Structures are given as C-alpha cells and as structure tokens.
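Here's the structure we're looking at; comments come further down.
The values are calculated or read from the model by the stated rules, or taken from the named source; none is laboratory data. Note that the coordinates shown come from a computational prediction; the quantities given were computed from them, not determined experimentally. As a convention, Cβ positions derive from the backbone with ideal geometry for all residues, glycine included, and neighbour counts pool all protein chains shown.
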Amino acid sequence: MKKIFWVATLAALLTGLAFLAGCGGCGYDEKKPVATIDGKNVVTVGDFVYHYKRAVEMAPFQNKPVINTFEDAKDFLDDIITSRVLEMEADKLGYGKEANVIKEVEGFRSNLLRERSRRKLEEGIKVTEADILDFYNKNKEWRRVSYLVTDDKKTVEAAYAELAKGAKWDDVVAKYSLDEQTKKTGGQVPQDFTYGGDNASRAVYATPVGKYTPVVASENGDMYFIFRVDKKVPGQKDEYAKVKDSIRDSIKQYKLDVKTREMVAKWRKEAKIVRDPEMYNGMYDKPIPELAAKYNRKRAAVSRVGTVPVYFDTWYEGAFLQLGVNENTMELRRKENPAAFKKIMDDRLRIFEDQALSEWAALRDGEDKKEDFIREVNKFRAGMMVDILYEKVFLPTIPAVTEEEITRYFDAHKAEFQEPERAAVFLVALPDKAKSDELYAKVKAGAPIETVVGEYMKAFNDEMMKKGPPKEQPAESSMPVADFVNINRQPTAPAPGSPPGSGGEPPIIAEIRAKVFAAKVGDLSAPFRLKDGRWAFFKYFEYYPLVQHTLAEPQVQDKAKELARNEKMASPATDRKCQAWFQTLRDKHKVVIDEGALKMAFKKAQKL
C-alpha cells in the first residue's frame with residue numbers, strides 16, 4: 001500500500017488524519033480500541049473507519065489510499081498513530097494555545113454551527129412535483145418589468161396613490177424607490193422576470209402589459225414593490241425533463257432564503273441581544289481613529305447574541321469597502337452625512353447579528369455537543385497545530401539552499417525567468433464581411449481604430465440589450481471581438497485538463513499568430529477570413545523582443561532561491577528525512593495494537 005504521508009501534501013493529510021472521537025451509531029463495536037498510545041490515547045475502530053473515509057475524500061486521485069489487504073490496514077493504522085503522535089507533540093509544545101490557532105478554531109466553529117442551522121432549515125423545505133410543474137408552465141412565457149421598491153409600507157402606499165392619480169411612472173420611481181441603480185431609469189430591469197416569490201409572481205403574471213401591479217409585499221414582509229409589466233417575452237424552451245432538476249434547485253433555494261429570513265426574525269425576538277453602549281455609540285459621536293485604536297483587532301465585542309460575539313473589527317473594517325473609504329477618510333464620510341452613515345453602519349451590524357443568530361440557534365439546539373461536531377472541530381484544531389509543529393520543528397532542520405543549488409535550478413528552468421517575444425495588436429473579428437470591410441476602410445483612411453471599433457461595439461451591445469438576454473448561449477462565431485491582445489511568438493502552455501493538442505490560449509490567437517509575426521509594427525492587415533467564418537483584421541502597435549533575465553538581477557535571484565527551496569522540500573531526500581522524524585517522535589511513545597479490533601476495522605473499511 002502506498003504510504004499517504006508526502007511532504008508536499010503533509011498539512012492537508014495530517015488534518016484529515018487527526019485523532020478524533022468515534023463515529024457513533026455505526027452498527028458495530030466502534031468504541032473498541034485498535035491502538036493505545038502511552039496507555040491512554042485510544043484509536044478506536046470508529047476512528048480508523050472515519051480516518052479512512054476522510055483520507056479517500058481529501059487525497060489527490062493518484063494518492064488515494066486503498067485498503068485491500070490486512071497489511072494495507074496495518075499501514076494505514078500506522079499513519080493514524082503517527083498523526084496522533086504529531087498532535088500530542090504539538091499540544092505538548094503549547095501550539096494549541098497560540099492566539100492565531102484559538103482565533104481560527106473559533107471562526108471555524110462559528111461557521112460550522114451556522115452551516116448546521118442552514119442545513120436544518122433546508123431539511124424542512126419540500127419542493128413537490130406540482131411546484132416544479134407550476135413554475136415550468138408559468139415560465140413558458142416571461143415578462144419584462146420595471147419596478148419600485150421600498151422598505152416602508154406607508155411610503156409604497158403613497159407612491160401607489162400618486163400613480164393612481166395619474167403621476168408619471170418614471171417620476172414616482174425616482175421619488176420613492178430605494179434601488180439607486182434602477183430608479184434613474186424608471187426601474188427598468190434588463191433581465192426577464194421569471195420568479196420572484198409567490199406574491200410577486202402572482203401579481204406580475206396577472207397584470208396586463210402596460211399596467212402596474214397593486215402593492216406587493218415580499219415573502220417575509222420586509223420589502224414592498226410595485227411592478228409595471230412592460231412586455232411579454234418568450235420563456236422556457238427546453239423540455240420539462242431537461243430542466244426539472246434545475247427548477248427544483250431554484251425553488252428550493254428561494255424557499256430557503258425566505259425561510260431563513262423568517263427564522264432570523266423569530267430568533268431575534270427570542271435571543272438576548274446586547275450591544276456595548278460605549279463601543280456602539282462611539283461609532284457615531286467619538287473620533288473614529290480613537291475608537292479604532294481602543295477596540296480594533298482587540299477581540300472586543302460590539303454586540304452579543306446570547307453568548308455569540310459580534311466583534312468590533314468585523315463591523316468596522318468591512319465598512320471600508322461598503323463606504324468606499326479607508327480608515328483616514330471614514331470620519332469625513334460620517335461628518336458629511338451622519339444619518340446616512342448611521343444607517344449603513346446599523347444595517348451592517350444587523351447583518352452580522354443575523355449571522356450570529358443562526359449560530360445562537362445551533363447552540364440552543366445542542367449542536368455543539370454532538371459527537372460529529374466535536375470531531376470536526378478537533379480535526380481542524382489538530383491540523384493547525386501539526387502545521388505549526390512541521391513549520392517550527394521540522395523545516396528548520398532542512399539546510400538552506402546553497403548558491404550552487406540556486407544556480408542549478410535557474411539553469412534547468414530558464415524559461416521561467418523569461419519575458420517572451422510578443423506582439424501587441426488591436427484585433428477585430430466580425431461575423432459580417434461587409435461591416436468588417438467598412439470598419440477597415442475607415443481605419444485605413446486614418447481614423448483611430450479604437451474609436452471606429454468602439455462606436456460599432458456600442459451600437460452592437462445596445463441592439464443586444466433591446467432584444468433582451470439570449471435564451472441560449474450564442475455561438476462564438478456570431479459574436480464580435482475587438483480588443484488589444486498580446487500574442488507570444490511561442491504558444492502558451494495548455495491549461496490542466498485541456499484537450500490534447502490545445503494551447504493555453506483562445507483558438508483565434510493561435511490562428512492569427514503567423515500573420516502577426518509576418519507583419520511589422522504600424523501595419524494594418526487587410527481583412528481575412530477565420531476558420532469559424534468571421535472576418536478579421538488587426539493593427540500592429542508594439543513589438544517586444546525576448547528578454548532572458550539573469551541571476552545578476554536581485555529579484556530574479558530571490559525568485560530562483562524560493563523555487564529552489566520549494567523543489568528541495570518536495571524532494572525524495574526531504575521526504576525520507578521527514579519519515580525518519582516521524583519515527584523518532586513515535587519511538588518516544590509506547591504503542592500497543594489490538595489485531596482483533598484492527599481486523600474488525602479492516603472488514604468495515606472494505607465495505608465502504
């Protein structure tokens with residue numbers, strides 16, 4: 001059996017093999033010890049089977065462990081014992097108490113609890129055959145709509161009243177809608193309306209073209225809409241059998257979103273949410289740099305949902321992207337519009353509290369006490385500790401790469417330190433020969449190619465928008481190309497998994513390469529036909545010769561040193577040294593194996 005410990009994948013595999021509790025309820029004696037370490041650290045039958053499942057799931061295809069014989073089972077158990085010993089050594093050195101480990105484990109634990117709440121809600125969602133068929137029948141014909149949206153019932157009723165009195169739709173949308181992206185264009189939605197929940201769908205499909213719906217509440221009642229039906233458009237064309245599964249997934253995801261919002265609202269009423277008044281109020285009435293210096297990155301909780309903290313740094317730092325500011329200008333943004341700033345920050349805090357509520361619900365339901373949950377958290381913690389052990393204890397034993405090794409690596413991989421010979425061209429490819437000839441003539445007469453082609457592309461895209469989103473992916477040969485491209489003299493390497501003989505570049509680049517390098521800088525090629533039927537021409541802007549960098553350049557030397565070090569770490573010699581290190585650590589502990597229990601685990605593993 002191929003050993004599963006290889007230096008290149010050490011961290012991932014150790015994580016998968018960390019010592020954990022038994023699997024629970026497997027229908028056999030999973031608690032029976034297979035191995036003891038120092039008379040107390042037990043590897044059970046359940047552990048063996050669990051580790052094997054995880055190793056198969058996590059290992060690369062070529063390194064997947066296979067247990068066909070009892071000797072294979074012994075080898076695999078040997079790896080489990082080694083991983084447990086590594087964890088013991090890391091724990092003994094105190095790596096489990098490092099601040100980064102504690103923080104990462106806390107984050108992993110929180111995410112796992114939230115995922116369990118989500119899965120629990122998902123399990124309660126049923127999508128019937130009638131639901132799918134109803135969705136399919138409705139979507140034989142879709143609608144193009146414009147809409148107005150608010151989060152206040154009185155506001156939407158005021159908007160509806162103005163419409164009823166004859167006010168212009170665009171004016172009402174601009175006045176009342178909260179959607180900044182669409183309110184300036186009459187609430188137009190470029191995508192076809194297919195399904196927006198039962199309330200919205202029933203209203204939209206019952207409304208004639210050119211008319212608007214009554215006020216529509218969202219499924220959980222926190223948003224209000226008025227839709228104007230602009231036109232009917234062709235809908236789903238595929239056969240029912242082909243789209244049945246994707247429709248089921250869409251409906252299920254929608255219902256899950258609605259159910260999640262409903263449950264979060266319910267949990268918010270049940271949970272005790274306490275905000276730190278000094279920290280919370282300080283965001284609105286104290287100098288922000290002073291506030292950040294006092295609380296940021298200090299694991300200070302601005303809010304607590306039961307025992308679940310919402311940290312100040314989570315609330316504060318994420319605002320930079322939303323507000324489009326940095327730390328230095330955040331306070332200026334607050335001073336410009338205090339009310340808008342407070343709304344943004346309150347909304348952000350509420351979102352984080354809602355996430356914490358799903359964690360709170362999982363804790364209330366006892367998910368953190370379940371054996372499989374404890375196993376997953378322990379596995380993650382063990383993996384982090386062993387990573388640190390490997391980095392701090394083993395890696396320093398590997399000698400630094402020498403100048404000779406760096407030079408040898410550079411000489412064997414010179415292509416990695418090259419800037420390839422290449423040409424920069426503006427490429428145009430159009431499905432219509434007459435249009436290609438027309439644009440070519442304008443450029444040849446002296447008009448800038450970017451302007452000429454840019455005007456054409458804008459007109460093309462505008463026409464596409466008028467027709468609406470295509471129901472099927474258009475053929476590549478029917479779409480225009482217009483862009484600056486760099487073309488290497490030598491084809492780029494194919495991406496992993498590419499068909500044999502394909503390069504790592506679009507076929508059109510490979511097709512025009514010879515023409516480009518036969519031309520000169522400044523040339524404008526005459527239109528020529530591509531293999532897919534389109535007509536193309538290009539303008540040659542710049543030529544870049546091959547540049548071979550040398551070790552005399554500091555940046556090149558640093559890169560060569562790093563790559564040579566990586567190669568050394570992945571070498572058979574380093575792997576042998578790592579295995580010897582494992583054995584040294586194992587020799588410090590007394591290991592006792594129960595072959596009868598191992599045979600039980602072996603038989604179970606064979607059935608997986």
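Can you go through Ser201, Ser177 and tell me which one is touching a residue at least 24 places away in the same chain (Cβ under 8 Å), closer than 24 Å to Lys259 by Cα and of a type in the set (Ser, Thr, Tyr)?
Just a single option satisfies the conditions, and that option is Ser201.
For residues in the stretch 522-569 being of a type in the set (Gly, Ala, Ser) and in the same structural domain as Pro448 (by TED's automatic domain parsing), which is surrounded by the most Cβ atoms within 10 Å (Cβ to Cβ)?
The selected residue is Ala536.
Using the structure shown, decide if Val172 is touching a strand residue (DSSP E or B) at 6+ places or on another chain (Cβ under 9 Å), among the hydrophobic types (A, V, I, L, M, F, W, C), part of a helix (DSSP H, G or I) and more than 25 Å from Gln253 (Cβ to Cβ).
Yes, satisfied.
Farther than 30 Å from Asn137 by Cβ and without any contact (Cβ under 8 Å) to a residue 40 or more places away in the chain: which single residue out of Asp313, Asp365, Asp257 fits that description?
None of the others qualify; the one that does is Asp313.
Residues that are loosely packed, with under 13 Cβ neighbours inside 10 Å, over 26 Å from the mean Cα position of the chain (by Cα), more than 30 Å from Ala361 (Cβ to Cβ) and free of Cβ contacts under 8 Å to residues at least 60 places away in the same chain: does the stretch 120-133 have at least one?
yes
The conditions are (1) out of contact with any strand residue (DSSP E or B) (no Cβ under 7 Å at 6 or more places or on another chain); (2) assigned to a strand (DSSP E or B); (3) of a type outside the set (Phe, Trp, Tyr), and Gln253 fails exactly one of them. Which is it?
Every condition holds for Gln253 apart from (2).
Take the conditions buried (at least 16 other Cβ atoms within 10 Å of the Cβ) and within 18 Å of Ala130 (Cα to Cα) and apply them to Arg202. Does it pass?
On the way: buried (at least 16 other Cβ atoms within 10 Å of the Cβ): no; within 18 Å of Ala130 (Cα to Cα): yes.
No.
Tell me the residue from Glu376, Glu359 that is over 30 Å from Pro545 (Cβ atoms) and either modelled with pLDDT of 95 or more or polar (S, T, N, Q) (or both), please.
Details: Glu376 fails: either modelled with pLDDT of 95 or more or polar (S, T, N, Q) (or both).
Criteria check complete, one pass: Glu359.
On the basis of being closer than 30 Å to Gly454 by Cα and more than 33 Å from the chain's Cα centre (by Cα), does Ala423 make the cut?
Answer is yes for this residue.
Only residues that are part of a helix (DSSP H, G or I) and either hydroxyl-bearing (Ser, Thr, Tyr) or touching a residue at least 40 places away in the same chain (Cβ under 8 Å) (or both): list them for the stretch 544-570, please.
Val556, Gln557, Lys559, Ala560, Lys561, Leu563, Ala564, Arg565, Glu567, Lys568, Met569, listed by residue number.
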